[in-house]
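Okay, structure first, notes after.
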């Protein structure tokens, strides 16, 4: 699971250089879609990908856990937080690895919160 290439459209880091594509950053921008809908589509795509890779997938009850999925690899459970982005800058995609707590603002994820941060970085 450590090889970012195994995840296909899910990679830990994706760098798109404007010099290689020949396109300016503003030419690549599209109107933003509903972020809730984008997140739902990312979750469905992740579920399908993880299942096809042989993982058993579970979801915690409710939405108060700091992770979105639990992957069972047969020998270990992985707490997975999924982020999705379409925000493209000249050097890559922007992802904020933060979560909000009602009444306390925002905090960054730590190794105590999650085991894996998965990013879906395409507009699909």
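The values are calculated or read from the model by the stated rules, or taken from the named source; none is laboratory data. The model shown is predicted, which means the values in this text are computed figures rather than measured ones. Heads up, the Cβs are rebuilt from the backbone with ideal geometry, glycines too, and the neighbour counts pull from every protein chain shown.
Here residue 100 does not qualify as more than 13 Å from the chain's Cα centre (by Cα), surrounded by 12 or more Cβ atoms within 10 Å (Cβ to Cβ) and either closer than 21 Å to residue 34 by Cβ or modelled with pLDDT under 90 (or both).
Within segment 66-78, the set of residues being within 15 Å of the chain's Cα centre (by Cα) and surrounded by fewer than 19 Cβ atoms within 10 Å (Cβ to Cβ) comprises 66, 70, 78. Elements of the type strands (runs of 3 or more DSSP E) sitting completely within segment 60-124 and holding at least 1 residues that are touching a residue at least 12 places away in the same chain (Cβ under 8 Å): these cover 69-72, 77-84, 98-101, 116-120. In segment 79-97, the residue that is nearest to residue 47 (Cα to Cα) out of those that are touching a helix residue (DSSP H, G or I) at 6+ places or on another chain (Cβ under 6 Å) and surrounded by 19 or more Cβ atoms within 10 Å (Cβ to Cβ) is 82. Of everything in segment 50-65, what is under 20 Å from residue 121 (Cα atoms) and either surrounded by fewer than 19 Cβ atoms within 10 Å (Cβ to Cβ) or in contact with a helix residue (DSSP H, G or I) (Cβ under 7 Å, 6 or more places away or on another chain) (or both)? Give them in sequence order. Listed by number, the residues that qualify are 51, 52, 53.
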